[in-house]
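Asker: Input: one structure, supplied below.
The values are calculated or read from the model by the stated rules, or taken from the named source; none is laboratory data. This structure is a prediction, so every number in the text was calculated from the model and none was measured. Ideal geometry is used to build each Cβ from the backbone, glycine not excepted, and the neighbour counts take in all protein chains shown.
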Amino acid sequence: MSRAFVKDDDSGPEPIVPRPVSEAPNYVTPRGYALLDRALEAAQAAADEREVQYYRQRLNSAIVVQPSIRVKRVVEFGASVTAHDAKGASLTIRIVGEDEADPAQGLVSWDSPIAKAFTGHRVGDRAIVQRPAGPLAYTIDDLHYE
């Protein structure tokens with residue numbers, strides 16, 4: 001019988017393989033920071049050391065970006081943007097940190113192609129999103145910060 005798939009009992013516990021962490025700056029909204037903190041608490045309660053390590057690292061590296069008090073007229077981190085394409089289809093997104101991103105809810109990472117396309121633009125500007133299926137132009141209808 002081959003011993004290739006038999007674990008030796010004296011080898012000790014399996015080492016914890018850390019979750020991969022992005023090399024990009026860890027920008028977060030105040031809401032995103034609170035979500036990371038709650039996720040850390042949940043991981044600690046579940047005694048999930050892998051998740052505890054991940055969330056501690058993300059909280060320690062977090063750069064909280066507070067929305068400016070002044071009225072912003074340019075799309076930046078934290079902006080909620082409503083736009084439409086040439087066919088009139090509407091799109092609403094909010095630019096957030098990587099851990100807060102949830103595209104199905106309209107929350108996109110600041111490092112995503114769509115966020116990069118909108119960043120720096122104003123209401124009325126056209127933003128070209130580079131997609132695998134080809135570029136798609138959007139006209140920005142509204143932007144605000146929460």
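Asker: Restricting attention to the stretch 131-146, which residues are under 25 Å from THR29 (Cα atoms) and either of a type in the set (A, V, I, L, M, F, W, C) or at pLDDT below 95 (or both)?
Answerer: ILE140, LEU143, HIS144, TYR145, GLU146
Asker: Please find, among ALA117, ALA34, ALA89, the residue that is at pLDDT 95 or above, farther than 25 Å from ILE16 by Cα and in the same structural domain as VAL21 (by TED's automatic domain parsing).
Answerer: Among ALA117, ALA34, ALA89, only ALA34 is at pLDDT 95 or above, farther than 25 Å from ILE16 by Cα and in the same structural domain as VAL21 (by TED's automatic domain parsing).
Asker: Could we say that VAL108 is under 27 Å from ARG38 (Cβ atoms), without any contact (Cβ under 8 Å) to a residue 24 or more places away in the chain and either of a type in the set (Asp, Glu) or crowded, with 19+ Cβ neighbours inside 10 Å (or both) here?
Answerer: Working: under 27 Å from ARG38 (Cβ atoms): yes; without any contact (Cβ under 8 Å) to a residue 24 or more places away in the chain: yes; either of a type in the set (Asp, Glu) or crowded, with 19+ Cβ neighbours inside 10 Å (or both): yes.
It is true that VAL108 is under 27 Å from ARG38 (Cβ atoms), without any contact (Cβ under 8 Å) to a residue 24 or more places away in the chain and either of a type in the set (Asp, Glu) or crowded, with 19+ Cβ neighbours inside 10 Å (or both).
Asker: Identify the single condition in (1) at pLDDT 95 or above; (2) of a type in the set (Asp, Glu); (3) over 12 Å from the mean Cα position of the chain (by Cα) that ASP102 does not satisfy, given that it satisfies every other one.
Answerer: (3)
Asker: Just to verify a result, which residue in the stretch 111-146, among those that are of a type in the set (Lys, Arg) and not in a loop (DSSP other than H, G, I, E, B), is surrounded by the fewest Cβ atoms within 10 Å (Cβ to Cβ)?
Answerer: ARG126
Asker: Having 2 or more residues that are in contact with a strand residue (DSSP E or B) (Cβ under 6 Å, 6 or more places away or on another chain), more than 30 Å from ALA137 (Cβ to Cβ) and without any contact (Cβ under 8 Å) to a residue 40 or more places away in the chain is the bar; report the strands (runs of 3 or more DSSP E) wholly within the stretch 18-88 that clear it.
Answerer: Passing ranges, in order: 62-64.
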